[in-house]
There are 2 protein chains.
Amino acid sequence: MEQEFSSTLLENAVTSLSRLPGVGRKTALRFALHLLRRPAEEANTIGQAIIDMRNGIRYCRLCHNISEEELCPICASPRRQPSTVCVVENVKDVMIIENTGQYFGLYHVLGGLISPVDGIGPDMLEIASLAARVAEGGIDEVILATGATVEADTTNFYIYRMLSRTAPDLKITQLARGVSVGNELEYTDEATLARSIAGRTPFEI
Amino acid sequence: MEQEFSSTLLENAVTSLSRLPGVGRKTALRFALHLLRRPAEEANTIGQAIIDMRNGIRYCRLCHNISEEELCPICASPRRQPSTVCVVENVKDVMIIENTGQYFGLYHVLGGLISPVDGIGPDMLEIASLAARVAEGGIDEVILATGATVEADTTNFYIYRMLSRTAPDLKITQLARGVSVGNELEYTDEATLARSIAGRTPFEI
């Protein structure tokens, strides 16, 4: 290995880059050699952007989405509907829902899902802070938007049980399960199809 | 897009990371979110390693391989055979040949291949410096090890013609072309097979 790289600086860069998810040493070397061929400015920009991001980003005090201020731009926006809170697993889910352009409420980022197998209990997630937000009042509806896995179901059930006890008047909803838009029926799995029949909606023209 | 990221620091990191070869915005976002989940130290290490590599690495005065000193570890090594010079396209080829553990001479990194289509002429490559090294004396053999493409053939021919004029006693060789080790004959292309017949070698037990 020592012989492979004629430079420890290159060796360090390759080792570092191969810590990125899905990046092996071959890809890391390709990244490094690419950066060596480009102007120094480009490597400096990339390196500094990584450092600045990691050190500059904090999490929104209210919804735990990534933010540079105490409140994230969504929580701080006067144009958002504060009475609706969409509960999601992570910050990427916030981006995905924001990209639909169809949601105008606030979020609550759990930071993961309850998973006894992985040793992740409710205390390690932002569930108590969700209960606290609801207890403060002003929230009419909580949308559980956490995917369709076993962990998501467990988490949803836990949150539902907790909130329905502490806030009996709160409307608790979840994302509709059904046939994907554009999908043919024969490629829809049976569990989804069963739920889409049970949850059928009035025909709209 | 502005709405997609609730942080310009994240936006900058994603834009920067997506400049890496083969990395789109989705992958760049995955890298960024991964780094946000990991300790700050890790992002700092990666960022700094990129910057240090780009600013600390220079090229060997003699062979133009990457190096941290004026001479790369290969050129500086007393255990290498200085009378043989292996001409390669780029620094990665040096690593590939070093990994075989079967070559003990020096290198000469061209920094590319002659390619009129891409506007790359001999003047943009380290060809004159190769002629100068040969002219200084002490080199018995130059191995042309530049792959088997049209650009490689053009470059080899150019170097051959130049060196055979300026150094008529120099031995100029090229990598053997033939059936890959472990490959069945039926998967070997005809051009390679033809060359392996023309270049057949005495049978060795």
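Output the number of residues of segment A:1-18 satisfying the condition of being in contact with a Gly (Cβ under 9 Å, 6 or more places away or on another chain) and either basic (Lys, Arg) or more than 8 Å from chain B (Cβ to nearest Cβ) (or both).
Of the residues in segment A:1-18, 1 are in contact with a Gly (Cβ under 9 Å, 6 or more places away or on another chain) and either basic (Lys, Arg) or more than 8 Å from chain B (Cβ to nearest Cβ) (or both).
Pairs only if they're at least six apart or on different chains, beta carbon under 6 angstrom, first in segment A:47-71 and on the phi > 0 side of the Ramachandran plot, second open to solvent by 30 Å² or more (accessible area, probe 1.4 Å); list them, first residue then second.
Listed pairs, sorted by first residue: A:His64/A:Glu126.
What number of residues in segment B:133-149 are open to solvent by 50 Å² or more (accessible area, probe 1.4 Å) and either modelled with pLDDT of 90 or more or touching a helix residue (DSSP H, G or I) at 6+ places or on another chain (Cβ under 6 Å) (or both)?
So the first thing to find is which residues in segment B:133-149 are open to solvent by 50 Å² or more (accessible area, probe 1.4 Å), and the list is B:135-136, B:138, B:140, B:148-149.
Right, trim to either modelled with pLDDT of 90 or more or touching a helix residue (DSSP H, G or I) at 6+ places or on another chain (Cβ under 6 Å) (or both) and you get B:135-136, B:138, B:140.
So the count comes out to 4.
For segment A:51-60, does any single residue satisfy the condition of being within 16 Å of B:Val14 (Cβ to Cβ), more than 7 Å from every other protein chain (Cβ to nearest Cβ) and open to solvent by less than 30 Å² (accessible area, probe 1.4 Å)?
No.
Can you name the residue in segment B:19-39 that is open to solvent by 30 Å² or more (accessible area, probe 1.4 Å) and of a type in the set (Gly, Ala, Ser) and, of all such residues, is farthest from the other protein chains (Cβ to nearest Cβ)?
Per the stated criteria, the residue is B:Gly24.
Tell me, yes or no, whether segment B:178-194 has at least one residue that is part of a loop (DSSP other than H, G, I, E, B), surrounded by 13 or more Cβ atoms within 10 Å (Cβ to Cβ), polar (S, T, N, Q) and free of Cβ contacts under 8 Å to residues at least 60 places away in the same chain.
Yes.
The values are calculated or read from the model by the stated rules, or taken from the named source; none is laboratory data. Computed from a predicted structure; not experimentally measured. Here the Cβ is made from the backbone with ideal geometry for all residues, glycine too, and neighbour counts use every protein chain on show. Note: areas computed on protein heavy atoms with side chains; ligands, DNA, RNA excluded. Shrake-Rupley method; radii C 1.70, N 1.55, O 1.52, S 1.80 Å.
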